[in-house]
Every structure is written in C-alpha cells, then in structure tokens.
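Structure, as structure tokens:
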Amino acid sequence: MSPLLDAGWPLLLGALVFGYALGSIPFGLIFTKVAGLGDVRAIGSGNIGATNVLRTGRKGLAAATLLGDALKGTAAVLIAGLWGEEPALAAGLGAFLGHLFPVWLGFKGGKGVATFIGILIALSPPTLLAFAAIWLGLAFALKYSSLAALAASAATPLVLWALGHGPVAALFLVLGLLLWWKHAPNIRRLAAGTEGRIGQKG
C-alpha cells in the first residue's frame, strides 16, 4: 500500500476538504473591499493576490493579504498534521487548490505563491530559506514578482528531494506545476516584455 494511503481514505479526504475550505478564503478581495477600494479583480492583472493588491498603492493591505494567504496554508497543514504526515500533505494540497479554485468566486482564485510559501513553512522551514533567497534575489534585481516566484517554485522540489523529503517533494512538484500553469499569462507577458513590475500601479 502506498504511504499516502496509510492514514485511510476517509481521513485523507477530510483533510483535503478541510484544507480546501481554509485555502478558499479570498483575503485580498475581502481586505480591499473592507478598505473601500472596491473589487481588486478590476485592476492590474485582475488577480486577488498580494502583488495585485499592492497595485492599489496600499502596502499594508498587500502585506496583510500576503500574510493571510500564507497562513491559511500553514494552518491547514499544521492542524491536519495532528493526525499524521499523510493528512498534512492532503490538507496542503487542499489549501492550494482552494486558493487557486475557490468555489465562492466561481473557481477563479489566486495564483498560489503565498499559499505555496505557507505550506512550505509548515512542512519544511529550512527549504523556505532557499525559496526566499531565490525569490528575493530575483525580485530585487529584476522587479518581476512572477519571474521570481516561478524560479523559486521550480527549485523547491529539488531542494526537498536533496534533503531526503520525498513525499513532500512530490507534493511540491504538483503544487509547482499548478503554480506555473496559473502563471501562463505572466509567462507570455514576460516573453513579450509587458509584464508588470513590483510596485507598479494599474
């Protein structure tokens, strides 16, 4: 039997659904509406994540969005992890899917970078250092949040595998592929030289 099935299907399914419920909370949309800024999906890239919230000019709201989107992934994994590693992994996958495809928003959610980070915090804090180094280096040098996130997410499964965390590496390979897929428009804009830079409004 696969190690992922050791916990039993009911527990894994429950962890997946629990993670999805937490992950589907759209903090960026909630915070900008409460602040009286309207629907963040109407500006910039149309995304509900922190980078697009930053385009409103409200750095505090962007930081709050980043924190909320990250911590919902962390919370899902840590709570489900009380029942073992397999439920923790299932909850992490659920949280990521919830953020990308929230039922409340017609399954049109964010691109997953902050939630990816939050799940990584819970499952492998040392690997977060590698992710942060790559992301910060590229973000500060080139001012492209999307490019920095793509590079860091691609490196994450490799770092986890090198550290001997096979099941976690497999999860982040899946999360990374989903993240790249959600960033397809950004990749096209990067290639065309039209991608928005960090801090750019509109």
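Does Leu177 satisfy the condition of being over 30 Å from Lys59 (Cβ atoms), under 13 Å from the mean Cα position of the chain (by Cα) and free of Cβ contacts under 8 Å to residues at least 40 places away in the same chain?
yes
Can you tell which of Gly19, Gly14 is closer than 12 Å to His99 by Cβ and part of a helix (DSSP H, G or I)?
Gly19
For (1) surrounded by fewer than 22 Cβ atoms within 10 Å (Cβ to Cβ); (2) in a helix (DSSP H, G or I); (3) modelled with pLDDT under 95; (4) hydrophobic (A, V, I, L, M, F, W, C), each residue gets a yes or a no:
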position: Phe140; (1), (2), (3), (4): yes, yes, yes, yes
position: Leu147; (1), (2), (3), (4): yes, yes, yes, yes
position: Ala152; (1), (2), (3), (4): no, yes, no, yes
position: Ala155; (1), (2), (3), (4): yes, yes, no, yes
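Sort out which residues of the range 50-67 are open to solvent by less than 30 Å² (accessible area, probe 1.4 Å) and within 11 Å of the chain's Cα centre (by Cα), and write them in order of number.
Ala50
Is it the case that Leu97 is in a helix (DSSP H, G or I), open to solvent by 40 Å² or more (accessible area, probe 1.4 Å) and not hydroxyl-bearing (Ser, Thr, Tyr)?
Answer is yes for this residue.
Considering only residues of the range 100-122 that are assigned to a helix (DSSP H, G or I) and in contact (Cβ under 8 Å) with a residue 60 or more places away in the chain, which is surrounded by the most Cβ atoms within 10 Å (Cβ to Cβ)?
Thr115
Given the range 27-93, what helices (runs of 4 or more DSSP H) lie entirely inside it while holding 3 or more residues that are of a type in the set (Gly, Ala, Ser) and modelled with pLDDT under 95?
The helices (runs of 4 or more DSSP H) meeting that bar are 59-80.
Please work out if Val168 is open to solvent by 40 Å² or more (accessible area, probe 1.4 Å), within 21 Å of Leu78 (Cβ to Cβ) and assigned to a helix (DSSP H, G or I).
So Val168 does not fit the description; no.
Taking Pro185, is it of a type outside the set (A, V, I, L, M, F, W, C), assigned to a helix (DSSP H, G or I), more than 13 Å from Ile117 (Cα to Cα) and in contact with a Pro (Cβ under 9 Å, 6 or more places away or on another chain)?
no
The values are calculated or read from the model by the stated rules, or taken from the named source; none is laboratory data. Here the structure is a predicted model, which is why all the values come from computation and not from measurement. Using ideal geometry, Cβ is built from the backbone for each residue, glycine included, and neighbour counts are taken over all protein chains shown. These accessible areas exclude ligands, DNA and RNA; they are computed on the full protein's heavy atoms, side chains included. Shrake-Rupley method; radii C 1.70, N 1.55, O 1.52, S 1.80 Å.
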